[in-house]
There are 2 protein chains.
Amino acid sequence: MRRFVAHSARNLITRRRNNLTTCVLQHCTFPLRFLTTASPGYLSGHVASAGSASAPPLTLDTINPKVLKCEYAVLGETFILAQRLQQELKENPGSHPFDELLYCNIGSPHSLGQQPITFFREVLALCDHPAMLDRAETRGYFSADAVKRAFQILNHFPGRATGAYSHTQGIKGLRDTIASGIEARDGYPADPNDIFLTDGASPAVHIIMQLLIRSEKDGILCPIPQYPLYSGSITLHGGSLVPYYLDEDTGWGLEISELKNQLETAKSKGITVRALVVINPGNPTGQVLAETNQQEIVEFCKNEGLVLLADEVYQENVYVPDKQFHSFKKVSQSMEYGEEDISLVSLQSVSKGYYGECGKRGGYMEVTGFSPEIREQIYKVASMDTCSNISGQILASLVMNPPKVDDESYESYSAEKDAILSSLARRAKTLEDVFNSLEGVTCNRAEGAMYLFPRIELPKKATEAAKAVNTAPDAFYARCLLNATGIVVVPGCGFGQVPGQWHFRCTILPQEDKIPTIVSQLTEFHKAFMDEFRD
Amino acid sequence: MRRFVAHSARNLITRRRNNLTTCVLQHCTFPLRFLTTASPGYLSGHVASAGSASAPPLTLDTINPKVLKCEYAVLGETFILAQRLQQELKENPGSHPFDELLYCNIGSPHSLGQQPITFFREVLALCDHPAMLDRAETRGYFSADAVKRAFQILNHFPGRATGAYSHTQGIKGLRDTIASGIEARDGYPADPNDIFLTDGASPAVHIIMQLLIRSEKDGILCPIPQYPLYSGSITLHGGSLVPYYLDEDTGWGLEISELKNQLETAKSKGITVRALVVINPGNPTGQVLAETNQQEIVEFCKNEGLVLLADEVYQENVYVPDKQFHSFKKVSQSMEYGEEDISLVSLQSVSKGYYGECGKRGGYMEVTGFSPEIREQIYKVASMDTCSNISGQILASLVMNPPKVDDESYESYSAEKDAILSSLARRAKTLEDVFNSLEGVTCNRAEGAMYLFPRIELPKKATEAAKAVNTAPDAFYARCLLNATGIVVVPGCGFGQVPGQWHFRCTILPQEDKIPTIVSQLTEFHKAFMDEFRD
């Protein structure tokens, strides 16, 4: 094991390059290009473009500096290295001390073996090829409620034309279904005209950032640690990320006093704070907010005139009996706040939950408390891409209105759903316990979402070794872990953390038969790493 | 008929509002909000948000002015009015002098009755629900090559996991297929690493604009008339549109002297021109460039160091025997220009061609002649949205590698394809002839794409009536046409045109059984309009 750690450090040193980009949030100073220029095949795998001296004039000095500045750690350096290692393993089996890569870097359940929910896929297939519905013999191979649902859905499309552009906000009938699902979830009314269906949740984040950010003097309050889509999108649109720190010691607690302090600090720097981002359940932190806490947050946004951007894509992923998901819409309605009181954007996605259909790129934002004029501007920006993909729209309507108890599919659907969620809960607990058993590592429980975010106290020698190769200590640790075991995690610097602290994000998504391997590899690696670098 | 024209003009006057936004390109000064605030139901159909005095503080004065400034005419005012009329017809049949809306505003073939290509949908359905492949009895209901293709495609996905995120650029095996398709089309090599699969072509445009535009001092040479995605994206990203005018008198010819003049003019204003947008076949203009013209364009971009952004989404839509589509990649390769000579982005989409699968949101950009460092920046921006939707990716691979002559589906596939393309050619010719028969209207032929862009000489009284309701004359004409006949077109001001000239864009997409109705309605309306306003 030790040799891999040393080998990895040597590799880092050998390949040292000048830095060009640094992590927005902390000095994760291991640039993306470091790896890709050093290794052909992945991004730069074609000879012709490999840096000819007379290449066309576009250079890093002449592109938009906001692009240069933004980072997206989840698919950043560690992932790119992992892809290279995977290619090397394929071309040269035995070239690394592991047989396969274990991707714990990204919340993509199906890529690690989770199976799709049968009912959802039946409906999607029928809607893709409605000719099957017209033939009794093919209908017979689908559950009765999938057939019924497919008919219902196709009836929302004039001429069954699922190949046409939809309304920019999405097919009205599907938005009706989603609105009903929101009402059933919250116990408060929802309006289909408030819903914008999007390709996953990410485009919604960009639209809101585009709307709000005028210059670097506009700030967005963002949790630290945060999902780097937010920091990336804020940077790309030229705004300022105003950090508020979640309190690791209280299970990643969100303190209103911290929000107020950071808001005041931002104001004193001349920054106009426009919005507050809250990720609940948390990514990468896994906490589930208490309803009373959410009430305080709503009150804060109302008083300060901030748009509340509620990332609620993990609403179905809650694993502990003492916590429950409450949407911010429900909480603000329960406080009797309405359209006049608070501007609220709630994000949902088909990529998460028990369904985990990342490849379908379905999602929506529910937009309330914006004036008609502003809504038209949101519509206009969304309309430039015409509409989101129809399969994703259909799937979004399905996850918000799954089979009911009297439906033929209900039993198998429930069994599939429960198996996934209970397994995720077990995996979360197992991995939490493993992390807490490692020297110098502490880890809050994952109450929800799909991640653990353990903190590592790294020995001084390790941080020095990292510094010598011009990288953040947790990025160094993640890279050593990857080179030694094939386990891919994302270093904490990509999410932001209290300066001087180090973490990494590890998903709970490997299937249960892989967990023992991960546990033993991780434990063995960590011991070797600490032995190598212990002060 | 006359009463509808007059009624329409009165309506415009009654609903007059203050202007807030103006067309980027010309004074299409009929603001989006004009219609939506005047009419509940479509965008602002919920009472709670209808402009309360104590609404949250976000106002048109405090949002990003770039958002306020950008326009997207295709789904703009005329379309929104059309949606309202459709709703009114549904709720109150007979309330308008037509029974149905005829959407000639948008290139969405399936919404007007075009059927999907069976082979493509079979493969999509099988990939959505692979369980069907495992059962001989269900396999039997699909063509043998669809089954084979589905197996081939699923083999590109580890564990057949079409529900996982893919590589940001798209599934490698699908990019291999697309690269082979490009090679077969062009006769020159294509590299799968150059391909970025995207949700339709629009996200690729945004990525390139984000990359290139640093401030309003960066300019993008864009044809006038142009597809307003370009003007919208340039505005949204804070750049300057540098217009070059297509010459209507020579069939929307693209003159190099015009490019040079406009480039010099832009330079003299302190604008750094970064890229040239060419839409071939043209949108909204329908011309197909000659290869010699393309060579001149390539030479121009090479000499001036401009990125050539080639919108080639209509590459399968060519209707005249004397013209042929040539990709800019092929043209530049035939000139023996390679990676060192010209930075080229070629866009393709599953939404156009004979397939017209707009709802699937599939597409790609092929990126050549960018240094590895720049490619990494493109990758990074794309990675923030993780990947494009998998069904769209699969479909993109299918359209670039459709059934071959020995495949079981070939005959039916070819019949479907040929029927669609030959029908489009007939419709293009019929509508072109009709427009040319109208008083004061001239119309170039649609050599390709999906549109005609007739020019109208409007009588002075009509332009005055338009001015009285604070709208552009062609927007006024389009609105009157819609109110009288239900035919939806997009006024020329949304695409840009020589100042003082007026046009509208009309798709060739209504099915052939609708064409006689459109011809008679249009002719009757136009006569009534001219009689009403003739000087």
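The values are calculated or read from the model by the stated rules, or taken from the named source; none is laboratory data. On a predicted model such as this, the values are computed, not experimentally measured, just so you know. Heads up, the Cβs are rebuilt from the backbone with ideal geometry, glycines too, and the neighbour counts pull from every protein chain shown.
A few remarks follow.
- Within segment B:414-439, the set of residues being closer than 16 Å to residue B:504 by Cα and either aromatic (Phe, Trp, Tyr) or surrounded by 16 or more Cβ atoms within 10 Å (Cβ to Cβ) (or both) comprises B:428, B:431, B:432, B:434, B:435, B:438.
- Within segment A:55-69, the residues that satisfy the criterion of being more than 7 Å from chain B (Cβ to nearest Cβ) and either in contact with a helix residue (DSSP H, G or I) (Cβ under 6 Å, 6 or more places away or on another chain) or more than 17 Å from residue B:375 (Cα to Cα) (or both) are A:66, A:69.
- Among residues of segment A:317-342 that are away from every other protein chain (no Cβ under 14 Å), those with a beta-carbon under 7 Å from a residue that is among the hydrophobic types (A, V, I, L, M, F, W, C) and in a loop (DSSP other than H, G, I, E, B) at least six positions away or on a different chain give the pairs A:317/A:449; A:317/A:450; A:318/A:288; A:318/A:325; A:319/A:446; A:323/A:288; A:325/A:288.
- Residue-level analysis places residue B:507 among those that are closer than 23 Å to residue B:354 by Cα, assigned by TED's automatic domain parsing to the domain that holds residue B:78 and touching a residue at least 40 places away in the same chain (Cβ under 8 Å).
- Counted as qualifying within segment A:346-451 are the helices (runs of 4 or more DSSP H) with 3 or more residues that are within 13 Å of another protein chain (Cβ to nearest Cβ) and of a type in the set (A, V, I, L, M, F, W, C), namely A:372-383, A:390-399.
- The listed residue being among the polar types (S, T, N, Q), more than 28 Å from residue A:322 (Cβ to Cβ) and in a helix (DSSP H, G or I), out of A:483, A:470: A:483
- Of all residues making up segment A:71-102, the number that are surrounded by fewer than 14 Cβ atoms within 10 Å (Cβ to Cβ), out of contact with any helix residue (DSSP H, G or I) (no Cβ under 9 Å at 6 or more places or on another chain) and either within 13 Å of chain B (Cβ to nearest Cβ) or aliphatic (A, V, I, L, M) (or both): 1
- Residue check for residue B:291: in contact (Cβ under 8 Å) with a residue 24 or more places away in the chain, under 17 Å from the mean Cα position of the chain (by Cα) and under 24 Å from residue B:399 (Cα atoms): no
- Answer from B:309, B:263 - the residue that is assigned to a strand (DSSP E or B) and either more than 18 Å from the chain's Cα centre (by Cα) or touching a residue at least 12 places away in the same chain (Cβ under 8 Å) (or both): B:309
- Looking across segment A:99-111, the residues that are modelled with pLDDT under 95 and either aromatic (Phe, Trp, Tyr) or assigned to a helix (DSSP H, G or I) (or both) come down to A:103, A:111.
- Positions within segment A:312-329 being in a helix (DSSP H, G or I) and either surrounded by fewer than 19 Cβ atoms within 10 Å (Cβ to Cβ) or among the hydrophobic types (A, V, I, L, M, F, W, C) (or both), in sequence order: A:328
- Helices (runs of 4 or more DSSP H) fully within segment A:119-230 counting 1 or more residues that are surrounded by fewer than 24 Cβ atoms within 10 Å (Cβ to Cβ), of a type outside the set (Lys, Arg) and away from chain B (no Cβ under 12 Å): A:144-155, A:172-186
- Just one residue in the set B:532, B:464 is at negative phi, surrounded by fewer than 22 Cβ atoms within 10 Å (Cβ to Cβ) and in contact (Cβ under 8 Å) with a residue 40 or more places away in the chain; that residue is B:532.
- Candidate set from segment B:40-54 (those that are assigned to a helix (DSSP H, G or I) and at the interface with chain A (Cβ under 7 Å from one of its Cβ atoms)); member that is modelled with the lowest pLDDT: B:48
- Output for segment A:231-254, where each listed residue is of a type in the set (Ser, Thr, Tyr), under 22 Å from residue A:66 (Cβ atoms) and not in a strand (DSSP E or B): A:231, A:233, A:235
- Checking each residue in segment A:266-292 for being out of contact with any strand residue (DSSP E or B) (no Cβ under 8 Å at 6 or more places or on another chain) and assigned to a helix (DSSP H, G or I) picks out A:268, A:291, A:292.
- As a summary of the residue check, residue A:94 satisfies the conditions (1) at positive phi; (2) in contact (Cβ under 8 Å) with a residue 12 or more places away in the chain except for the one numbered (2).
- Residues of segment B:457-474 classified as closer than 20 Å to residue B:435 by Cβ and in contact with an Asp or Glu (Cβ under 7 Å, 6 or more places away or on another chain), total: 1
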